[in-house]
1. What is the extension gain from His86 to Lys41, computed as 0.36 nm multiplied by their sequence separation minus the C-alpha to C-alpha distance, in nm to one decimal?
2. Going by the alpha-carbon gyration tensor, a ≥ b ≥ c the square roots of its eigenvalues, is segment 88-141 rounded (a/c under 1.5) or, if a/c is not under 1.5, prolate (a/b greater than b/c) versus oblate?
3. State the Kirkwood hydrodynamic radius of segment 37-106 in Å, one decimal place, computed from all pairs of distinct Cα atoms.
4. Near Ala113, within a Cβ-to-Cβ distance under 12 Å, what is the net charge of the other residues, with Lys and Arg +1 and Asp and Glu -1?
5. Quick one: which of Lys147/Lys185; Lys58/Lys100; Lys66/Lys95; Lys66/Lys97 span more than 18 angstrom between C-alpha atoms?
6. Of all the Cα-Cα pairs you can form in segment 112-195, what percent are over 18 Å apart?
Amino acid sequence: MAKTATAPKTEKKPKASAKAAEPKKKLPQKKVKHHHVPRGKHGGMQLMLIEDVTHVGKAGDVVEVKMGYGRNYLMPRGLATYVTSHNTKLLDLHKIKVQKIREAKLADLRAMAEQLQRVSITIQSNANEEGHLYGSVSTAEIVAALKQQNLVVDQEAVKLEGVIKELGLYEVKLSLAPEIDTAIKVLVINQTDAKK
């Protein structure tokens, strides 16, 4: 095996430049922006609500809540944000969009309320000879009967004043929205009479 001759390595020296002679200027460090949460009079954190929160406030309100509730519930779910001028402007734009959507939804619900006033539904149930039902008519049965007529209503919207335990004609109130109420007629008939 033949060995090859290698040339001795020469070390390269760095060239001196004009920049190396001058000391490097230190750039000012970027300031890290910390969100110092404004405190309310009772020591809680002040936040601006993005959406309506039950028992706290409506969208756009500046509220004071406990630190844990704000940090662990409202902020991660996008229900609230810090109070800044930028967030206030964004929230104003968001409120305009939400108001338009809310108005359109209310118009649809008013039209549905007018349609529901003209509707009467029939529910068949087991009853004895005296007209007493073996069970009672529930809100779920009323919603199902409305669904058969292509009218979709939430079960929470049906407001029964009492328990329907007898055959007959009843007027049941519906609360579609806080300001939109209507009523429908519910006829409860005996299931054995309907089969005849």
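1. Separation in residues times 0.36 nm, less the Cα-Cα distance, equals 13.8 nm.
2. On the way: a/c = 8.45, a/b = 3.13, b/c = 2.70.
Cα axes put segment 88-141 in the prolate bin.
3. When all Cα pairs of segment 37-106 are included, the Kirkwood radius is 12.5 Å.
4. -1
5. Checking Cα-Cα distances, Lys66/Lys95; Lys66/Lys97 exceed 18 Å.
6. 39
Readers should treat all values here as calculations from the given coordinates under stated rules, not as data from a laboratory. Just so you know, these numbers come straight off a predicted model, no measurement behind them. So basically every Cβ, Gly included, is an ideal-geometry build from the backbone, and we count neighbours across all protein chains shown.
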